[in-house]
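Just so you know, all these numbers are worked out from the coordinates, no wet-lab data involved. A quick note: this is a predicted structure, and the numbers were derived from the prediction, not measured. Cβ placement follows ideal geometry from the backbone for every residue including glycine, while neighbour counts extend to all protein chains displayed.
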Amino acid sequence: MNLSMRWLKEFVDIGNISPREFSEALTMSGSKVEGYEIEGEILKNIVVCKVISIEKHPDADKLTVCQVDIGEAEPLQIVTAATNLKVGDLCPVAKDNSVLADGTKIKKGKLRGVMSQGMFCSVAELGVTLNDFPYAITDGIFVIQEEGAYPGQDIREAIGFNDTKVEFEITSNRPDCFSVIGLARETAITFGKELKLHTPVVKTIGKSCKDMLSVKIKNPDLCPMYCAKIVENVKIGVSPRWLRERLRAMGVRPINNIVDITNYVMLEYGQPMHAFDLRFIKNGEINIRLAESGEKITTLDGIERNLSAKNLVIADAEKPVAIAGVMGGEYSGIMDDTTTIVFESANFNGSSVRLTAKEHGMRTDASSRYEKGLDYNNCIPALNRACELVNMLDAGDVLDDIIIDDCSVKNQRKIPFDYEWINKFLSTSLSIEEMKDILTKIECSFDGDYIIPPTFRPDLEHKADIAEEIVRFYGYNTVKSTSLSGGAQGKYTERQKFDNTISNTMLALGLSEIMTYSFISPKYYNKILMPENHLLRKSVVISNPLGEDTSIMRTTALPSMMEIIAKNYNNRNPYAYLFEIAKEYIPTDDDKLPEEKNKLIAGMYGNNVDFFVAKGIVEELLEKLNICNYDIEASSTEFSYHPGRCAVFTINGKRLGVLGEIHPKCSENYGINTKVYTFVLDVDLMFENTQRNKTYIPIPKFPAVTRDLALICDIETPVLTLEKVISNAVGGILENIKLFDVYTGKQIEKGKKNVAFSISMRSKDSTLTDEQANKAINKAIEALENIGAVLRS
Amino acid sequence: MKEQLENIRKAALNALNELNIQQDLENLRVKVLGKKGELTAILKQMGTLSAEERPVIGQLANEVRTTIEKAIEEKQAELKAKETERKLQEEKIDVTLPGKRHILGYKHPLSIVLDEIKEIFIGMGFNIVDGPEIEYDYYNFEALNIPKNHPARDTQDTFYITENILLRTQTSPVQVRVMEKQKPPIRIISPGRVYRSDAIDATHSPLFHQIEGLVVDEGITFADLKGTLETFIKRLYGENSVIRFRPHHFPFTEPSAEVDVQCFSCKGEGCRLCKGEGWIEILGCGMVHPKVLSNCGIDPEKYSGFALGLGLERVAMRRYNIDDLRLFYENDVRFLSQF
């Protein structure tokens, strides 16, 4: 909210404090200043001048040469094309070396051979509008009609364009601060000054309005109080400058005196006001009720709105005339020929106003105040202030009496004054008097051991709220800091360490960590070739997404990885080796939370990567994580993968993960024209199966014996099968089997392949003899023959 | 014979002097000392000598052999030294050629900063707790003193799944879950992904990371909150950081504060980085609202606590001078490999 410093100073005398100092102080006492702006700060060297003479330009038909008085000995000569000036007019002149509102610099110079010592200015060139100066014109020089303006006067001073606007961030717990008076109260306490409040004095004409209007609240929970007052013989016109100036500084456009009064009171008191034309209040009857479904109203912004049964409205005998707390109806609004008006000052339920405003997509100055919860005790003072302003502006005759329906529940909030608790809580040592002093300033009263907060402070409910009030004026930064006591131990859990090990291993293996969005588009499932009716298509759906691309929670991390791979590929990065520990979100029952699974996903492309590089990474990782009892099998049914280059990892029959070359169709869907390898591993399952207790295995004392085996077998026989046979046959002395060649080609019969292993054997207790080794190897050869693998001759 | 021996010695030593190649040296050894060599040939004739001459000539022959052997050995060493020298010369390389690089994996900058923050808190006795990203409205809002239709809900535009299930807008629900399960003392941080329906631009993202902290125990004070955060900020931003606590409002804490550090760039004078304010807001915090404690089954008369929350992206952006938040989620390797 913008605050006019000029207006503020009417309530609290803070002298000529700089805006920066003011902002700093208010920020530190709890009213955050976002910034400030001095009106007309950019304008330089623009003064009021009085036109002395106007003559034709000797060489230009459309120009005139004027002599103007700027309060100095010598007049200025100004050449102008403007035609709306006459001798004796006061207007702004930008002198040599001046700056206009848009930053334009003006220098003296010759116009068609005649010296011009500056330039006359229009309204826009000063940075103000016709709303601020309704008597001015758009296309022409601003002829000033301000009282007291004199030649040579700084233009900002002459037209009152020199206020300072301070922008506050008002938090939702402080509806009272959405007003000049509220911020003045904070200012007064912050600077230790007196708050000078004024009680409105209304002059009425001795005629009652009681028979002209009736007010009835039908839903007291949504409208605790409704007050109205009538003004007759209204003269609609322009507001005086001081009022327009204040509205402008607060960011509100002046319209006419009556509308301006309602806005003025809202800004000053924080109490939204409305004015109806009494002619359009059927039967002089105001009912505050819920709308009936099917009812319609055209609001002041000209839009017809269909009302729902949840919308509180102000209705006359027949129809709604305003949406309560949000916006008035066009039909019953103030017009140029309005003569009798009803001022409304009411209190509405915050949630109700908020929901209605949201439903109709119309957050107004009024609704944004109401929705935070306003003080019903503010209704009558605000109403009186509006009528006082009518008196001041001579805008009409105020009738006697206030028509009121008061349904407010007057139960006083009481908070125990536990000053010892507060001192302990804040770690302060304030005396009860010091606390009382602060609380009195925020207008709390006391009842024995209880504090009674003012009704405009709905946020004060608990002793912790009181502690906050105390400490913000005592000073957050005055409280001496202490360290936490007690020797708590912080540490990573086993699972957190496990995840760290995964990350560190992937990093060591050359993969970089990425972070991707958890939400995707349902279309991404098509891109990874997921079949139409696949279970994983059932995703957690966001009911109010930003867009389709972020509309569902992924059930598989693959599309996210593919997006990033594609981005890198399209950015012409020659390679990318990436991983992420990513969540997958699997829906359960509708009213239960989905399952969040943790997956390790890796994606790679580039010259140095192939299936076995990727597989090597998986093997290294599983070894590092102490997971050894896993199985691996070829799979041709993983929809995103090349059917001949894909492996599925399992552990005790549970799916551990998948590894493979991305299906060329899938790569194509991402515009990737190279081979992409990915693997996905279930982190939760890995954690379940890790051998946590590592024990040292002694370094062998006796030498190993190695034997090489070159075998011919069917081309379809997996190497893993051969290895398993060898491993079973060799038994306990087997140290490891190393595959060193796989060959198919000329020398090998069609349908067969040559597979060569180096088998290393070792005994723990003695040097292995040749006979022992040969015996084991022969056993292996025999077993291999049984599955059709024979020694290559 | 004596003369012959002298000649052999002379000839061999002369030949050695001339000699420069390893193979020639080997040849010379065979020629002179070998089984069929000159010296052996002479010795074979020893039988023809008289008994008086034999020891004299024998001694001379040994002397000659020793001399030649020694000379060959010396030559051998000399040649080897020369050879080594030559090889070293030959093996000279241009050390300014670029090194052969390994491909390293790079940790994501957000992880680097998060790890640092975790370590700081672990050092102060905090544990790290995770929780679901898809949450019940109750844990994300209601338990935190933000009932339905509370205006504070407007400031956190929420993605809903159903009326009661949403994408968490903060990691505070983790704190509620911890308080429900664990009796004080509690000292935790909960880092993680949070979601708000902000359109993607240079400073906004519908998904970002938060780190929230919670301490609950008997006798926790506002001064403890200040002290803990001062320590944290000084570890993160340096011992010389100037910090201020500024009153603010959050529904789940009372009193609430925002914490600013003095602008690193202008030292409080006001510059473009700090938008002229001289201070940069870095986190929100406050004393846990008594209602939140009671909601979680903790007696606010007995216990008190504080909570804090900060955005990870903003810390990382400031740390590395990154001006566009989208870079974190685009994951271009040219970006990743800078950290």
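Between A:LEU546 and A:SER445, what FRET efficiency comes out of the Förster formula 1/(1 + (r/R0)^6) with R0 = 41 Å and r the beta carbon distance, rounded to 0.05?
On the way: r = 49 Å, r/R0 = 1.20.
Rounded to the nearest 0.05, the efficiency is 0.25.
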Which of the aspartates and glutamates could a cross-linker bridge to A:LYS665, judged by Cα under 20 Å and excluding same-chain residues fewer than eight apart?
A:GLU532, A:GLU563, A:ASP610, A:GLU638
What does the convex hull of the Cα atoms come to per residue for the protein assembly as shown, in Å³?
342 Å³
Over all viewing directions the Cα convex hull of the range A:128-216 casts an average projected area in nm² of 12.7 nm²
Taking neighbour Cβ counts within 10 Å as the exposure measure, how do B:THR203, A:THR637 sort from fewest upward?
A:THR637, B:THR203
With everything on Cα atoms, drop me the angle between helix A:558-570 and the longest principal axis of chain A, reported from 0 to 90° to the nearest 10.
80 degrees
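Can you give the charge dipole size of the protein assembly as shown about its Cα centre, rounded to the nearest 20 debye, using +1 on the beta carbon of Lys and Arg and -1 on the beta carbon of Asp and Glu?
Details: 137 positive and 161 negative charges, 763 e Å.
Using only the charged Cβ atoms, the result is roughly 3660 debye.
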Can you pull the Kirkwood radius for the range B:209-339, inverse mean 1/r over Cα pairs, to one decimal in Å?
16.4 Å
Which semi-axis lengths, in whole Å and largest first, follow from the square roots of five times the eigenvalues of the Cα gyration tensor of the range B:279-339?
39, 13, 8
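Mind checking the dipole of chain B: about its Cα centre, +1 per Lys or Arg Cβ, -1 per Asp or Glu Cβ, Debye to the nearest 20? Each step should come with its number before you reach the end.
Details: 45 positive and 51 negative charges, 244 e Å.
It comes to approximately 1180 debye.
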Relative to the first principal axis of the alpha-carbon coordinates of chain B, what is the inclination of helix B:222-237, with its axis defined by its Cα atoms, in degrees from 0 to 90 and to the nearest 10?
30 degrees
Working from Cα positions, state the angle (0 to 90°, nearest 10) between the long axis of helix A:257-269 and the longest principal axis of chain A.
60 degrees
Cα gyration tensor of the range A:44-158, axes a ≥ b ≥ c as square roots of the eigenvalues: rounded (a/c below 1.5), prolate (a/b > b/c) or oblate?
rounded
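Could you compute the FRET efficiency for A:GLU34 and B:ASN149, with r as their C-beta to C-beta distance and R0 at 22 Å, rounded to 0.05?
Values: r = 26 Å, r/R0 = 1.20.
Working from the Cβ atoms, E equals 0.25.
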Express in % the proportion of alpha carbon pairs of the range A:724-793 at distances exceeding 14 Å.
63 percent
Exposure proxy check on A:PHE473, A:PHE740, A:PHE498: fewest-to-most Cβ neighbours within 10 Å is A:PHE740, A:PHE498, A:PHE473
Mean Cα-pair separation over length for chain A, i.e. relative contact order, pairs under 8 Å, 6 or more apart, %
8 percent
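For the pair A:GLU169 and A:PHE612, what calculated FRET efficiency results from E = 1/(1 + (r/R0)^6), where r is the Cβ-Cβ distance and R0 = 60 Å, to the nearest 0.05?
Values: r = 59 Å, r/R0 = 0.98.
So the FRET efficiency works out to roughly 0.55.
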Length gained if A:ASN786 through A:LYS216 is fully extended, taking 0.36 nm per residue and subtracting the Cα-Cα distance, is 195.2 nm
Report, in listed order, any pair from A:LYS592/A:LYS654; A:LYS218/B:LYS148; A:LYS235/A:LYS296; A:LYS583/B:LYS226 with a Cα-Cα distance greater than 28 Å.
A:LYS235/A:LYS296; A:LYS583/B:LYS226
Give the distance, in whole Å, between the Cα centre of the range A:466-493 and the Cα centre of the range A:44-85.
68 Å
Set of aspartates and glutamates with alpha-carbon distance to B:LYS302 below 18 Å, sequence-local pairs under 8 removed
A:ASP418, A:GLU420, A:ASP465, B:GLU180, B:ASP217, B:GLU218, B:ASP224, B:GLU254
Dividing the surface of the Cα convex hull of the range A:397-461 by four yields a projected area in nm² of 6.9 nm²
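Work through the residues other than A:LYS296 whose Cβ is under 9 Å from its Cβ and net out their charges, Lys, Arg +1 and Asp, Glu -1. All intermediate terms of the calculation are to be shown ahead of the outcome.
Working: positive: A:ARG305, A:LYS319; negative: A:GLU295, A:GLU304.
It works out to a net charge of 0.
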Taking the Cα atoms of the range A:1-104, report the difference between the largest and smallest coordinate on each principal axis, in whole Å and largest first.
65, 25, 22
Mind computing the radius of gyration and Dmax over the alpha-carbon atoms of the range B:109-336? Å is fine for both.
17.4, 55
Along the charge dipole of the range B:2-90, which of B:GLY34, B:LEU13, B:LEU60 sits closest to the positive end, that is, farthest toward it, with unit charges on the beta carbon of Lys, Arg, Asp and Glu (+1, +1, -1, -1)?
B:GLY34
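What translational diffusion coefficient, in µm²/s and rounded to a whole number, does the Stokes-Einstein relation yield for the range A:225-316 at 10 °C and a viscosity of 1.306 mPa s, taking the hydrodynamic radius as the Kirkwood radius over Cα pairs? Each step should come with its number before you reach the end.
On the way: Rh = 15.3 Å.
Diffusion coefficient, whole number: 104 µm²/s.
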Select from A:LEU484, A:ASN570, A:THR199 the residue farthest towards the positive end of the dipole of chain A; place +1 on Cβ of Lys and Arg, -1 on Cβ of Asp and Glu, and compute about the Cα centre.
A:ASN570
Can you give me the relative contact order of chain B as a percent, contacts being Cα pairs under 8 Å and 6 or more apart?
15 percent
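Ratio to report: Rg/Rh of the range A:483-585, with Cα atoms as the point set and Rh obtained by the Kirkwood method; give two decimals. Working shown, then result.
On the way: Rg = 18.1 Å, Rh = 16.3 Å.
Ratio value, two decimals: 1.11.
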How are the C-alpha pair distances of the range A:114-269 spread across 10 Å bins, as whole percents from the shortest bin up?
8, 25, 29, 23, 11, 3, 1, 0
Calculated [θ] (222 nm, deg cm²/dmol) that DSSP helices of n ≥ 4 give over the protein assembly as shown, each run adding -39,500 (n - 2.57):
-9000 deg cm²/dmol
Taking the Cα centroid of the range A:618-634 and of the range A:133-148, what is the distance between the two, rounded to the nearest whole Å?
85 Å
Which three numbers, in whole Å and largest first, are the semi-axes of the equivalent ellipsoid of the range B:140-245 derived from its Cα gyration tensor as √(5λ)?
27, 21, 12
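So which trypsin sites (Lys or Arg not before Pro) in the range A:551-633 end up in coil per DSSP with only 13 or fewer other C-beta atoms within 10 Å?
Details: sites: A:ARG554, A:LYS567, A:ARG572, A:LYS583, A:LYS592, A:LYS597, A:LYS599, A:LYS615, A:LYS624; in loops: A:ARG554, A:ARG572, A:LYS592.
Of the trypsin sites (Lys or Arg not before Pro), the ones in loops of the range A:551-633 whose Cβ has at most 13 other Cβ atoms within 10 Å are A:ARG572, A:LYS592.
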Go through chain B and flag any cysteine with no other cysteine's C-beta closer than 4.7 Å, please.
B:CYS285, B:CYS296
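In which sequence would A:ILE777, A:ILE726, A:ILE205 go, from the one with the fewest C-beta neighbours within 10 Å to the one with the most? Before the final figure, lay out each step's value.
Numbers: A:ILE777 19, A:ILE726 23, A:ILE205 12.
Lowest count first: A:ILE205, A:ILE777, A:ILE726.
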Where the Cα atoms of the range A:306-357 are projected onto their three principal axes, how long is each span, largest first, in whole Å?
36, 22, 18
Could you state the number of Å between the C-alpha centres of the range B:196-246 and the range A:427-457?
30 Å
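On full extension of the chain, what length is gained from A:VAL114 through A:SER208, given 0.36 nm per residue of separation minus the C-alpha to C-alpha distance? Intermediate values should be presented prior to the final figure.
Values: separation 94, 0.36 × 94 = 33.84 nm, distance 6.81 nm.
Gain on stretching A:VAL114 to A:SER208: 27.0 nm.
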Low-density loop positions, GluC sites (Glu not before Pro), the range B:285-339 - DSSP coil, at most 11 other Cβ in 10 Å:
B:GLU301
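Using 0.36 nm times the number of residues separating B:ARG334 and B:ILE21, minus their current alpha carbon distance, what extension gain do you get? Provide the component values of the computation, followed by the final result.
Values: separation 313, 0.36 × 313 = 112.68 nm, distance 5.62 nm.
Between B:ARG334 and B:ILE21, full extension yields 107.1 nm more.
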For the range A:204-406, what is the Kirkwood estimate of the hydrodynamic radius, computed as the reciprocal of the mean inverse distance between distinct Cα atoms, to one decimal in Å?
16.7 Å
Distance histogram in 5 Å bins (all Cα pairs of the range A:99-173, percent per bin)
3, 12, 19, 20, 17, 11, 7, 4, 3, 1, 1, 1, 0, 0
Expressed in whole Å with the largest first, what are the equivalent ellipsoid semi-axes of the range B:2-90 derived from the C-alpha gyration tensor as the square root of 5 times each eigenvalue?
32, 11, 9
